[in-house]
Every structure is written in structure tokens, then in C-alpha cells.
Amino acid sequence: MNLISFFGGKVKMAAYIKKCPECSSINLILNKDKGEVICRDCGLVIEEKMVDFGQEWREFDDTGDKMRRTGAPMSYVKYDKGLGTDIGQKSDLYKLTGKGRNKFFRLRKWQYRISTAIERNLKLALAELKRVASYLKLPKSVEEESARIYTLAVQKGLVRGRSMESVVAGALYAACRRHEVPRTLDELSEASGIDKKEIGRTYRFITRELGIRILPSNPVDYIARFASALKLNPETQSKAVQILEKAQRAELTSGRGPTGIAAASLYVAALMNNEKRTQREVADVAGVTEVTIRNRYKELIKELDLKKKLKKRGRR
């Protein structure tokens, strides 16, 4: 078998074809069992210990349906990044007898006794992170990013002097902001049981020390969630987005909380489309006070000149 027929084409073999340095022959063969390239004319071994990058033809995992060389991908959600292995299942160990069984039970016990302080911290913290992420129904990408941020914080010693739960909540909030997943500090406080001021302080400390650059929250990201909770139709939602875009051009959103301005825009849009919701209902969904809704509502009406449109809608 020559090289061209083995690799299935002249195009792939352009980089592999060589002349024999002894006899200048191009009549070369590949011995794939030994990983060698041999000159057929003079017998010189030109290359050796070549790696075969083809498909694996053996499957060692009974549960697998595809032949592969690798295991599961690395993940920051696991304290060992998913690279650790378990010493047998209990059902397998009971098949052993006497000293063999006792030996492997001791090995399993020592395997669960994690050696370093960082690994012990990660094992507890990542379990808490997974619980909070599940409670908030966060996507896997946010969970993975928050686990990466927390791991970096532990390695740099930023957790020292702070509660594990507050650092977990701060890492989750930072990951939500980076992936533009709208979650408020109030929601994180409810899920983790930590005061939102403490979460905010920890979040700012972590992002500053790790050099994580996070853009300000966009109020538009909250519109879909709030509209769904208030059971408003898509027209009202689109109208609220239009009002927010006008407010951003008029620089009404700078220096104001994104949840408050988003909720006020929805309140105005609902009034325009004759889907009346009370300020109390909107405030409860957004996690702000009625006073905030009222103040943002007055600013939008005054600065964007929406009073006439509201009156026209009211007459209809």
C-alpha cells in the first residue's frame, strides 16, 4: 500500500510525499501498524513513530455508542474540571474478596478526602453555585462562566475574609452581566439568602481584582421578562422597546436603574395599548418601589412628549 492510496487522495498527501534521502525514490510505503514510512526500493525507514489521527476502532465504554478517543469535556463546574476518576463502583467492589475489597474501599475513602484547601473550598462552593443557578434557571453557559470566575477568585485568594455564599452570588451576577442574562440583585439575594448590598460589594470587588470588564446593563434586556410576568401582548412589548430606545437617545437612562426605567416603559406602553396595569403590579414584577415607577413614568411622559398620545388612546 502506498501513501496516496492509504490517505485516500493526492491532495491530502502533498505534504507527506518525500524522496528517499538514500536513493531519491518516491516509491514509499506506510506501515500503519508500526507508524513508519519506508522506501520500497532500498528499505530505508524515513519516518518512524508517526501518530494515526484516524478514527478509533475500539470502544472501552459499554454505555457509549460512538468510537472516540476522548472522554467528557473539561468543565469548571466540577472542582477537578471533570478530569478525576472514581475507583470502582460499590457493586464492582463487592465482587472482590477479602483483602482486595478492603484495599479498594480504603482507596475510595482517601480519594474522597480532598487534599488541598482550594479543592475543598471548590467542592462546597460549586455545589452551592449549581443550586443557585438551578433556582434562577440560568443557562449552562452562565453557570460555566460563573464557576470559572469563582475558581479564579479562589486561586488569587479573594475569598479569604468573605463568606463563600456571597462570592458565589457575586460570581453568578458577574456571569449574568457578561452574558446579558437579566437577573437582578434582589433575585440573587432571594436565591442565595445573602443581603443584596453584600452581593453588590463582593461583585464589584471580584470584577475589579480580576480585571473583568462588564458593560452597564441594558434596560431592553428586562422588557421580555417583565412583559411575560405581566401577561402583556407582543404589541405592548414592542412599544415599550421603542419608548426605551427614544429614552436612550434622549439620555434619560443614564444614572438610572435599568429595572426601574424598563418597568416604567412597560407601564407607559400598557396604558397606550389599553392594557392597564397598576403601578403596584409593575413594581412587584420589577422588584422596585411604586415611587420609582411613578418618577420614571413622569420623566418619560415629560421628556418624550407622550401626554398627547396617552390622551388619544384614552378617548378611544
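The values are calculated or read from the model by the stated rules, or taken from the named source; none is laboratory data. Remember, it's a predicted structure, so these values are computed and weren't measured experimentally. FYI the Cβ positions are ideal-geometry reconstructions off the backbone, even for glycines, and counts take in every protein chain you see.
Hey, among the residues in region 169-196 that are buried (at least 20 other Cβ atoms within 10 Å of the Cβ) and β-branched (Val, Ile, Thr), which one's nearest to Ile223 (Cα to Cα)?
For region 169-196, the residue satisfying everything is Thr184.
So which of Ser228, Ser217, Ser238 ends up being in a helix (DSSP H, G or I) and under 28 Å from the mean Cα position of the chain (by Cα)? Working first, answer last.
Details: Ser217 fails: in a helix (DSSP H, G or I); Ser238 fails: under 28 Å from the mean Cα position of the chain (by Cα).
Going through Ser228, Ser217, Ser238 in turn, the sole match is Ser228.
What is the residue count in region 172-196 for residues that are free of Cβ contacts under 8 Å to residues at least 12 places away in the same chain and touching an Asp or Glu at 6+ places or on another chain (Cβ under 9 Å)?
Narrowing region 172-196 to residues free of Cβ contacts under 8 Å to residues at least 12 places away in the same chain: 190, 195-196.
With touching an Asp or Glu at 6+ places or on another chain (Cβ under 9 Å) added as a condition, the list becomes 196.
Final tally of qualifying residues: 1.
Scan region 175-198 residue by residue and report those that are of a type outside the set (D, E, K, R), more than 19 Å from Glu144 (Cα to Cα) and part of a helix (DSSP H, G or I).
Correct list: Leu185, Ser189.
Go through region 97-126 and report how many residues are closer than 30 Å to Val154 by Cβ, of a type in the set (Gly, Ala, Ser) and exposed (fewer than 14 other Cβ atoms within 10 Å of the Cβ). I'd like the intermediate steps shown before the answer.
Here is the first cut: in region 97-126, the residues closer than 30 Å to Val154 by Cβ are 106-126.
Filter again for of a type in the set (Gly, Ala, Ser), leaving 115, 117, 125.
Applying the additional criterion that residues be exposed (fewer than 14 other Cβ atoms within 10 Å of the Cβ) yields 115, 117.
Final tally of qualifying residues: 2.
Quick check on this structure: which one of Ala174, Ala264, Ala250 is within 17 Å of Glu299 (Cβ to Cβ), small (Gly, Ala, Ser) and modelled with pLDDT of 90 or more? Steps first, answer last, please.
Values: Ala174 fails: within 17 Å of Glu299 (Cβ to Cβ); Ala250 fails: modelled with pLDDT of 90 or more.
One residue alone meets the criteria, Ala264.
Give the residue that is modelled with the lowest pLDDT, with candidates limited to residues of region 189-240 that are β-branched (Val, Ile, Thr) and farther than 21 Å from Arg296 by Cβ.
Taking region 189-240 first, the residues β-branched (Val, Ile, Thr) are 194, 199, 202, 206-207, 212, 214, 220, 223, 236.
Now narrow it down to the ones that are farther than 21 Å from Arg296 by Cβ: 194, 199, 202, 206-207, 212, 214.
Values: Ile194: 92, Ile199: 93, Thr202: 94, Ile206: 93, Thr207: 93, Ile212: 90, Ile214: 86.
Among those residues, the one meeting the criterion is Ile214.
Restricting attention to region 32-46, which residues are touching a residue at least 24 places away in the same chain (Cβ under 8 Å) and closer than 12 Å to Pro21 by Cβ?
Val37, Leu44, Ile46
Could you give every pair whose Cβ atoms fall below 7 Å, whose first residue belongs to region 197-222 and is over 16 Å from Gly161 (Cα atoms), and whose second residue is of a type in the set (S, T, N, Q), counting only separations of at least 6 or pairs across chains?
Hits for this filter: Ile214/Thr207; Pro219/Thr253; Tyr222/Thr259.
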